[in-house]
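Here the structure comes first, spelled out in structure tokens, and everything after it is commentary.
Bear in mind that the values in this text are calculations on the coordinates, not laboratory data. Because the structure is a prediction, the values reported are computed rather than measured. In this analysis, Cβ positions are derived from the backbone assuming ideal geometry, glycine residues included, and neighbour counts consider all displayed protein chains.
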Amino acid sequence: MPPHDRPYDDVLATIGWTPLIRLNRVAQGIRTPVYAKAEFFNPGGSVKDRIGVAMIAAAEREGRLKPGGVIVEATSGNTGVGLAIAAAVKGYRCIFTMPDKMSQEKARLLRALGAEVIITPTAVPPDHPDNYIMKGRAIAAAQPNAIFADQHYNAVNPDAHYRTTGPEIWTQTEGRVTHFVCSPGTGGTVSGAGRYLKEQNPAVRIIAGDPVGSIYAEYGRTHQKAEGAPYKVEGIGGDKIPTSLHFDVVDEWITVSDRDAVLMARRLAREEGLFSGGSTGVNVVAALETARRVNDPDALVVTVLCDTGERYLSKVYSDEWLHENQLVEVQHITVADLLAHKDGAAPPLVHVAPAATVRQALNLMSTYEVSQLPVLDGDNGVGAVSDQDLMARALEDASALDRPVSELMGPPYPIVDDDTPAERLALLLSRETPAALVRHDGRVTAIVTRYDLLHQLAGIR
Ligand SMILES: Cc1ncc(COP(=O)(O)O)c(C=O)c1O
């Protein structure tokens with residue numbers, strides 16, 4: 001148990017015994033208590049630290065891995081981190097293959113830990129030589145003194161969870177756990193921990209979440225292998241059945257969309273202070289659905305917070321990414337609604353006249369902290385200027401500061417009526433057209449920017 005009251009021999013000794021934390025605000029109104037095992041407390045920031053060290057220890061015991069050896073793995077990132085940490089402590093080299101849909105943060109992290117990372121295409125069939133598992137296996141076969149860790153087909157993976165994650169949950173809940181909800185990637189966590197919990201109490205129900213597009217849930221229900229489809233959450237689901245996933249342990253499957261998963265991950269960060277990724281979103285959506293259905297204050301649902309949200313800053317936690325991937329619905333709101341939600345620090349329409357100088361325009365932008373200004377001649381939009389363009393011109397030639405903006409401005413912004421639906425505005429705005437002027441009762445009265453729209457869609461205000 002982790003009071004951390006004495007020093008450890010190395011970082012590997014700190015893996016496991018992660019805290020079990022109650023979900024409060026996201027579970028409001030649900031009578032069944034829901035707890036989550038916070039795996040981002042592991043030193044590598046994910047549940048996979050548990051299997052990294054276990055797979056290396058097993059290969060050493062079996063004599064397959066010798067000093068100076070190479071560890072190769074196909075990984076969505078986190079297993080790589082677990083292996084790389086153990087390899088750093090034990091002095092092995094690592095080579096990882098990783099599909100290109102995984103976040104850049106993960107590849108950078110693996111390289112920071114000293115590993116070599118080979119990015120493979122996501123959009124290839126599971127048996128294609130460029131598939132990340134096939135490629136990893138081929139690399140290991142071609143290297144002397146190399147092992148392929150093979151988390152998808154390595155019995156040590158579920159066994160590590162049978163020996164650690166399962167017993168920890170049993171102890172931490174004092175044997176009161178009634179439902180364990182966990183989404184499989186390799187299947188190691190749900191299979192190992194689930195089997196252990198069922199052995200302690202056969203009435204414990206094991207529920208697996210699965211992203212829309214993965215073939216696991218369908219296979220679990222019908223034993224038919226369907227065609228997979230792409231999805232955005234990382235680390236869970238699949239288009240091929242791994243042997244680390246023990247279907248006999250799973251009692252029920254709950255399918256969750258990317259959108260629900262991502263929005264739940266964001267809620268967990270804001271409402272619970274629990275910062276995790278999309279696979280955790282799937283887990284928690286499925287756990288709350290289970291808890292709602294069970295509707296019993298004496299039951300106890302446990303799920304898993306798989307890894308740290310820092311791995312997804314450019315994805316799950318990026319408003320642009322959500323928008324580009326259509327994970328936020330354009331609601332039926334109008335331009336007037338967008339304006340009503342602006343925070344009111346600046347007047348609704350900051351603008352310059354064509355005769356104003358570049359210096360005056362830059363002053364205005366700095367005062368109101370805006371990066372672009374419409375140029376208005378009376379009520380007519382005649383042009384637009386951006387801080388970036390004006391600064392570049394002024395740095396090139398200081399006399400530009402005293403020239404009228406009419407000489408340097410770009411084309412005017414489009415004009416929209418304030419009852420225009422936000423969907424139409426979204427089609428109009430782009431990086432090249434960052435804003436539109438808003439007309440109310442025939443007069444231009446406000447400006448609406450790409451960021452106003454983005455912030456509204458992502459629910460920031
Ligand atoms: C982010 C993330 N969540 C969940 C999982 C699933 O865990 P398991 O492979 O034990 O099923 C993984 C596995 O790669 C993962 O990377």
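Remarks
- Taking segment 277-302 and a reference point 7 angstrom along Cα→Cβ of GLU324, the backbone N atoms nearer than 19 Å belong to 278.
- Per-residue ellipticity at 222 nm computed for the chain from its helices equals -10000 deg cm²/dmol, with DSSP H segments shorter than 4 residues left out and the rest contributing -39,500 (n - 2.57).
- Rounded to the nearest 20 debye, dipole of segment 49-148 from Cβ charges on Lys, Arg, Asp, Glu: 220
- Computed FRET value (nearest 0.05) for HIS4 with ILE119, which takes r as the C-beta separation and R₀ as 41 Å: 0.65
- Here the label points at GLU62 and LEU395, each 7 Å from Cα along the C-beta direction, are separated by 5.8 nm in the simple model.
- For the set LYS135/LYS240; LYS48/LYS101; LYS66/LYS240; LYS90/LYS232, the pairs lying more than 24 angstrom apart at their alpha carbons are LYS66/LYS240; LYS90/LYS232.
- Loop-located trypsin sites (Lys or Arg not before Pro) in segment 1-97 (DSSP state other than H, G, I, E, B) with a sparse environment of at most 15 neighbouring Cβ atoms within 10 Å: ARG31, ARG64.
- In percent, rounded to a whole number, the relative contact order of segment 335-457 is 28, using alpha-carbon pairs under 8 Å and six or more apart.
- The GluC sites (Glu not before Pro) of segment 39-106 meeting both criteria, a DSSP state outside H, G, I, E and B (loop) and at most 10 other C-beta atoms within 10 angstrom of the site's C-beta, are GLU62.
- Whether segment 186-303 is rounded, prolate or oblate, judged on the alpha carbon gyration tensor where a/c under 1.5 counts as rounded: oblate
- Restricting segment 215-252 to trypsin sites (Lys or Arg not before Pro) that sit in a DSSP loop and have at most 10 other Cβ atoms within 10 Å of their own Cβ leaves nothing.
- FRET efficiency for HIS128 and ARG25, using Cβ-Cβ distance with R0 set to 45 Å, rounded to 0.05: 0.55
- Of the residues ILE254, THR334, GLY273, the one whose Cα sits farthest towards the positive end of the charge dipole of the chain is ILE254 (charges of +1 on Lys and Arg Cβ, -1 on Asp and Glu Cβ, taken about the Cα centre).
- Between ARG431 and ASP251, full extension at 0.36 nm per residue minus the direct alpha carbon distance yields a gain of 59.9 nm.
- Prolate/oblate/rounded label for segment 1-90 (Cα gyration tensor, a/c 1.5): prolate
- Pair-distance distribution of segment 264-338: all C-alpha pairs, bin width 5 Å, starting at 0; shares per bin in whole percent are 3, 14, 19, 19, 17, 12, 9, 5, 2, 0.
- For segment 335-457, the equivalent ellipsoid built from the Cα gyration tensor has semi-axes of 25, 14, 13 Å, listed from largest to smallest.
- Most to least packed among 395-407, 207-219 [average Cβ atoms within 10 Å]: 207-219, 395-407
- Cα centroid separation, segment 104-141 to segment 40-74: 17 Å.
- Computed from point charges on the beta carbon alone (+1 for Lys and Arg, -1 for Asp and Glu), the dipole magnitude for the chain about its Cα centre is near 1340 Debye.
- Sorting 444-450, 116-122 by average packing, meaning the other beta carbons within 10 Å per residue, from highest down gives 444-450, 116-122.
- Shape of segment 62-127, Cα gyration tensor, a/c cut at 1.5: oblate
- R0 of 51 Å, Cβ-Cβ distance GLN143-ILE415: FRET efficiency to nearest 0.05: 0.20
- Across the alpha-carbon set of the chain, the Rg to Rh ratio works out to 1.08, Rh being the Kirkwood radius.
- Segment 24-36 - phi-based ³J(HN,Hα) in whole Hz, Karplus 6.51/-1.76/1.60, Gly and Pro as x: 10, 5, 5, 9, 4, x, 9, 6, 6, x, 10, 10, 10
- Near the amide H of GLY209, within less than 5 Å, lie the amide hydrogens of CYS182, SER183, ILE254, all on another chain or at least 5 residues away, with H placed in the peptide plane.
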